[in-house]
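**Q** Quick one: structure below, then a few questions.
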Amino acid sequence: MKFAKIVFWVAGIWGFLVLTPLYFMFDLIGRNDPPPITHPGFFYGFVGVALAWQVAFIIIAADPARARPLMIPSILEKISWSTAVIVLVLQGRMHQSDLVFAGTDLLLGVLFVMAFFKTRARPV
């Protein structure tokens, strides 16, 4: 259970550190990686949902046995985004530098799987 606590605390803190600045980078992203973002609702919606998941990771870290079922969608969250980025890079639709963050999420997804299997469910 200690493994799960560490993994989910690290994931939650890391996520807050890398996602929160996105709220202030909307125009900068459009300038540095054209074309500009044309659907701000999707952009800010993504950031908001992603930040909500960081809260879920911290809830899991607080009591992994109790929150063990929440680890399953957490794994899907990490694997789905990293897989999408990898496919988009292979298609030439994203920069290879984006693989750094996709790789980080993929690693966290693997660690989430390990945490799931290392954490025993709390008896009911």
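**Q** Of S82, F57, M71, whose Cα points farthest to the positive end of the dipole of segment 36-112 (charges on the beta-carbon: +1 Lys, Arg; -1 Asp, Glu; origin at the Cα centre)?
**A** It is M71.
**Q** How large is the accessible surface per residue of the chain, computed with a 1.4 Å probe and reported in Å² as a whole number? Walk me through the numbers on the way to the answer.
**A** Numbers: 7780 Å² over 124 residues.
Here the residues of the chain average 63 Å² of exposed surface.
**Q** With a 10 Å cut-off between alpha carbons and a GNM built on the chain, which of V110, V100, V55 moves the most?
**A** V100
**Q** Need one value: the accessible area of I79 in square angstrom, 1.4 angstrom probe, rounded to the nearest 10.
**A** 60
**Q** Rounded to the nearest 0.05, what FRET efficiency do V100 and Y44 give with R0 = 22 Å and r taken as the Cβ-Cβ distance? Could you check? Could the numbers behind the result be given before it?
**A** Details: r = 23 Å, r/R0 = 1.04.
Calculated transfer efficiency: 0.45.
**Q** Roughly how many percent of the accessible protein surface of the chain is carbon and sulfur, given a 1.4 Å probe and a whole-percent answer? Intermediate results must be reported in sequence, preceding the final value.
**A** Values: 5630 of 7780 Å².
That share works out to 72 percent.
**Q** To the nearest 10 square angstrom, how much accessible area does L76 have with a 1.4 angstrom probe?
**A** 110
**Q** 7 Å from Cα along Cα→Cβ at both A121 and A52: what's the point-to-point distance in nm?
**A** 2.5
**Q** Let me ask something else about it. On each of the three principal axes of the Cα atoms of segment 5-81, give max minus min coordinate, whole Å, ordered largest first.
**A** That works out to 44, 19, 17 Å along the principal axes.
**Q** Given the rule -39500 (n - 2.57) for each run of at least 4 DSSP H residues, summed and divided by the residues of the chain, what is its mean residue ellipticity at 222 nm, to the nearest 500 deg cm²/dmol? Before the final figure, lay out the partial values.
**A** Values: 5 runs with 88 residues, N = 124.
Computed mean residue ellipticity for the chain: -24000 deg cm²/dmol.
The values are calculated or read from the model by the stated rules, or taken from the named source; none is laboratory data. This structure is a prediction, so every number in the text was calculated from the model and none was measured. So basically every Cβ, Gly included, is an ideal-geometry build from the backbone, and we count neighbours across all protein chains shown. Each accessible area value is taken on the protein alone, full model and side chains, heavy atoms only, with ligands, DNA and RNA left out. Shrake-Rupley method; radii C 1.70, N 1.55, O 1.52, S 1.80 Å.
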